[in-house]
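What follows is a set of notes on a single structure, which appears directly below.
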Amino acid sequence: MSDPFAPSCTAFEGTRRLASGSLSEVARAVKAAVDGGSLEPVLVFDDASGQVIDFDLRGSEADVIARLPALAARLAPPQAQPLQTEGETAAGPRGKGRPKLGVIAREVTLLPRHWDWLAAQQGGASAALRRLVEQARRAGGASQQRRMARETAYRFISAMAGNLAGFEEATRALFADDRPRMEAHMATWPQDIRDHTLRLAWGAHVPSTEL
């Protein structure tokens, strides 16, 4: 059966990677470590954002798992809504009469020559603007993903490696998208921290140190 708490996260016990997987998998591992008297701080990170996740570990393991749906809902990204073209509604194709466009009307300020160009496009100004926005979104998708990956990795290393040697230089290399230089500055960091940083920043496949 698939796990209902799908957001992926990773827990660290000190500098050692304790567990990685769904919320329920990691929550069980964290609960066991804390109840077992772990002497190291245990931190859990959302793999999508690099932010620290706080599990409510009160009560039994079943109690902890029962509280996860609310946490999963907070971590879930907002669902993207497709742009509706003229002639479509949220319920389906346009029928007779004035269409319900399913779009949001907002003021756009353009120069006269821009309005003239838009008016000459197929479907009119609104349809042309929506097509231009969609094209820009597709063209910028890869660069946006890279930016988000860098920011995710930065949040993680800020929490886990801020006091380690080479942190500032590694950060500069991260935002310069210079992986070899970043790896060089991370050379003395604990292995699990290095590996997870690379996974977040570049989707690197590195050997797991987990038994």
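The values are calculated or read from the model by the stated rules, or taken from the named source; none is laboratory data. Note that the coordinates shown come from a computational prediction; the quantities given were computed from them, not determined experimentally. In case anyone asks, the SASA skips ligands and DNA or RNA and just uses the protein heavy atoms, side chains included. Shrake-Rupley method; radii C 1.70, N 1.55, O 1.52, S 1.80 Å.
Computed with every protein chain present, the accessible area of Thr15 is close to 70 Å² [probe 1.4 Å]. Close amide H contacts of Leu18 (hydrogens built in the peptide plane, cut-off under 5 Å, sequence separation of 5 or more or a different chain): Ala11, Phe12, Glu13.
Note on exposure: Met148, Met182 ranked by accessible area (1.4 Å probe, complete protein assembly) read Met148, Met182, with the most exposed listed first.
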